[in-house]
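One structure below.
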Amino acid sequence: MKIYKFKEIGSTQDKARELAGRNAPEGIVVVADSQSGGKGRFGREWLSPKGGLWFSMLIYPDISPADAPKLTMLAGVAVVDAIKIFCGVKLGIKWPNDIVFIGKKDDCKKVSGILTEASFKKRKVDHVIIGVGINVNNTVDKKEIPAASLLGITGRMISVESLLREILRQFENYYHVFTESGIGPVWEKCRELSVMTGKRVIIERDEGKVEGVVTGIREDGALEMESNGKRITVLAGDIKVLSSVT
Ligand code: BTN
């Protein structure tokens with residue numbers, strides 16, 4: 001596995017895409033100390049100062065376009081496991097791509113975000129770039145959304161390089177399980193780690209807003225909900241927790 005390291009970069013996603021365009025092999029990783037144009041979901045800005053872990057991985061999975069969200073689940077599980085092993089901190093997954101710390105007052109603080117970008121050729125997935133941003137030793141901007149860093153949670157500095165190595169090890173393991181046995185084992189793990197089940201939420205989707213109670217996560221990564229007495233599934237959207245029902 002080749003790791004391309006940068007002190008500063010626009011976005012590791014863009015660099016990984018550029019490398020994919022030059023037929024870079026599966027498994028290359030682009031990591032930067034800071035990003036001047038870090039990208040989040042829905043084209044949002046992702047603040048990436050020094051002290052955090054900002055990286056992108058390039059893979060060429062043999063999957064259909066509809067299966068791309070499974071890779072977000074897979075990366076989420078790998079990040080949570082690695083942080084548990086390396087920092088002793090238990091985090092959860094807030095569907096679909098946030099890794100969060102649950103505080104004493106049951107408040108959800110974002111520690112990490114995952115951005116999965118797939119490229120297609122002839123209706124098939126050509127390559128996928130999985131970007132992971134983790135607040136490690138950096139200060140976090142809590143103005144827009146509640147956020148936390150691993151330094152803030154543990155009170156100690158964490159080696160960003162060693163954490164990256166552990167995440168890549170976990171990702172490789174789960175990716176191997178996925179290609180050998182399908183998403184089943186990763187899905188099980190993702191359901192265990194989900195902090196959304198039982199919560200009343202509102203989701204903004206392209207088709208409009210929907211409100212209801214989360215009942216689970218489907219095997220393909222979609223969110224299962226009960227809304228106005230009906231069971232529905234949501235493939236993608238921006239989620240906001242209104243209250244805890246259970
Ligand atoms: C989100 O929660 O909206 C996803 C954030 C993903 C941020 C990471 S940092 C490394 C990689 N490079 C980027 O520009 N974005 C991803």
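The values are calculated or read from the model by the stated rules, or taken from the named source; none is laboratory data. Source: prediction; values computed, not measured. Ideal geometry is used to build each Cβ from the backbone, glycine not excepted, and the neighbour counts take in all protein chains shown. Protein only, heavy atoms only, side chains kept; ligands, DNA and RNA dropped before computing areas. Shrake-Rupley method; radii C 1.70, N 1.55, O 1.52, S 1.80 Å.
A few points about this structure:
- Averaging the Cα positions of each part gives two centres, and for segment 203-238 and segment 17-36 these lie 33 Å apart.
- Taking every full run of DSSP H in the chain, the ones that stretch at least 24 Å from end to end by Cα along their long axis and average -1.0 or higher on the Kyte-Doolittle scale are 68-87, 160-181.
- Proximal charge balance of residue 160 [Cβ under 14 Å; K/R count +1, D/E count -1]: +2
- Ligands, DNA and RNA left out, the 1.4 Å accessible surface of the chain is 49% carbon and sulfur atoms.
- With DNA, RNA and ligands ignored, accessible area of residue 149 (1.4 Å probe; Å², nearest 10): 10
- Charge dipole (debye, nearest 20) of the chain; +1 at Cβ of Lys and Arg, -1 at Cβ of Asp and Glu: 380
- Over 19 Å between alpha carbons, listed pairs 70/240; 50/142; 109/142; 70/189: 70/240
- Taking the centroid of alpha carbons for each part, segment 114-163 and segment 165-181 are 17 Å apart.
- Mean residue ellipticity, 222 nm, helices only, the chain: the sum of -39500 (n - 2.57) across DSSP H runs of n ≥ 4, divided by residue count and rounded to 500, is -8500 deg cm²/dmol.
- Highest GNM mean-square fluctuation among 133, 40, 103, for the chain modelled with Cα contacts below 10 Å: 103.
- Dipole magnitude of segment 4-146, debye to nearest 20 (Cβ charges: Lys/Arg +1, Asp/Glu -1, about Cα centre): 160
- Between residue 238 and residue 5, the modelled label-to-label distance comes to 3.6 nm, taking each label 7 Å out from Cα in the direction of the beta carbon.
- Accessible area, probe 1.4 Å, largest first, for residues 121, 109, 143: 143, 121, 109
- Across the chain, Cα pairs under 8 Å and at least six residues apart give a relative contact order of 16 percent.
- Highest GNM mean-square fluctuation among 224, 172, 180, for the chain modelled with Cα contacts below 10 Å: 180.
- Lys/Arg +1, Asp/Glu -1 at C-beta; segment 1-106 dipole; positive extreme among 77, 37, 47: 47
- Average accessible surface area per residue within the chain, 1.4 Å rolling probe, Å²: 51
- In a fully extended conformation the segment linking residue 209 and residue 165 would gain 11.9 nm over its present Cα-Cα distance, using 0.36 nm per residue.
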